[in-house]
Each structure stands twice: as C-alpha cells, then as structure tokens.
C-alpha cells in the first residue's frame, strides 16, 4: 500500500477543505494518508518516509501564505528524488490557484519531487471539485 502526507496552510478553511477532499480521493485509491496543517507539522525529515507528498496553500495578496513559504524553505533542503508531488491552491481570483501551484512547484524543484497533479479551487471547494480531483489523481500515477 502506498502512503501519502498532505501538508497545507489555511486562513478561511477553504484550503483545509480541499486538502481533505484530496485525502479522501487518495484513501479511495487505497493510499494510507496523514494530513497536517503546516504550522502543526514539526518533523520535516519524516517527509522522506512518504511516497506521495501533497502541498497546498491559499493565496494571500497574490502570493502563497508567508508561513507556508517558510515551511517550504525547510522542505527545500530535503532530497525527495523519486517521490510524487500533488500541489494544490485556493484563491478568490481564478488566476490565483494556478499561480500558487506554479510557485510551490518552483520552490520545491531542487528536492527532485515529480509533480503528478495540480489542483486549484476558486473560493470554497464544492462537490464539483471532486470530479477534477478524481480525474487528476489516478491509481496508475503511483
């Protein structure tokens, strides 16, 4: 059985909801999942123990959350070659989630993570996003 960790930041709760929907999809594909808010996650080195890593943040003034950026700077020190990455972001503007996903990918590119899915959501995730998540995350990816 594959294992995954999802780490996110949230302000309004939208990114947390999106993280939970991604977790549900992974569990439906028989992946064991742990989920944490970035500031509650203290064991950076343990990320290496997971095959799939989900990273997500909301958009604050056109940028990723500052606390999440600090967290990613720590992740950036790890060698995660061969691990799979799911990036996700939320924002009020339709252009924000894709930008945030790209920002996360760029920031962690030195780690060697392989991006397998990018998921963005404008405002609060509704059940419509489930289909996008289902299409974005397939069993044959890991």
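The values are calculated or read from the model by the stated rules, or taken from the named source; none is laboratory data. The model shown is predicted, which means the values in this text are computed figures rather than measured ones. Virtual Cβ from ideal backbone geometry, glycine too; neighbours counted across all protein chains shown.
Observations
- Residue in the range 123-130 that is part of a helix (DSSP H, G or I) and either in contact with a strand residue (DSSP E or B) (Cβ under 8 Å, 6 or more places away or on another chain) or buried (at least 18 other Cβ atoms within 10 Å of the Cβ) (or both) present: yes
- Scanning the range 25-39 for residues that are in contact (Cβ under 8 Å) with a residue 60 or more places away in the chain, out of contact with any strand residue (DSSP E or B) (no Cβ under 9 Å at 6 or more places or on another chain) and not in a loop (DSSP other than H, G, I, E, B) turns up just one, 25.
- Of everything in the range 113-127 that is under 13 Å from residue 17 (Cβ atoms) and in contact with a helix residue (DSSP H, G or I) (Cβ under 6 Å, 6 or more places away or on another chain), the residue that is modelled with the highest pLDDT is 119.
Here is a yes/no grid of residues against (1) closer than 26 Å to residue 129 by Cα; (2) surrounded by fewer than 20 Cβ atoms within 10 Å (Cβ to Cβ); (3) in contact with a helix residue (DSSP H, G or I) (Cβ under 6 Å, 6 or more places away or on another chain); (4) at pLDDT 95 or above:
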| site | (1), (2), (3), (4) |
| --- | --- |
| 34 | yes, yes, no, yes |
| 49 | no, yes, no, yes |
| 61 | yes, yes, no, no |
| 79 | no, yes, no, yes |
| 93 | yes, yes, no, no |
| 100 | yes, no, no, yes |
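- The single condition among (1) touching a residue at least 12 places away in the same chain (Cβ under 8 Å); (2) assigned to a loop (DSSP other than H, G, I, E, B); (3) more than 13 Å from the chain's Cα centre (by Cα) that residue 42 does not meet is (1).
- Scanning the range 50-73 for residues that are more than 13 Å from the chain's Cα centre (by Cα), touching a residue at least 40 places away in the same chain (Cβ under 8 Å) and closer than 28 Å to residue 140 by Cβ turns up at least one hit.
- Condition check for residue 110: in contact (Cβ under 8 Å) with a residue 12 or more places away in the chain, surrounded by fewer than 20 Cβ atoms within 10 Å (Cβ to Cβ) and out of contact with any helix residue (DSSP H, G or I) (no Cβ under 8 Å at 6 or more places or on another chain): yes
- If you go through the range 1-10 and keep only what is surrounded by 14 or more Cβ atoms within 10 Å (Cβ to Cβ) and not in a strand (DSSP E or B), you end up with 2, 9, 10.
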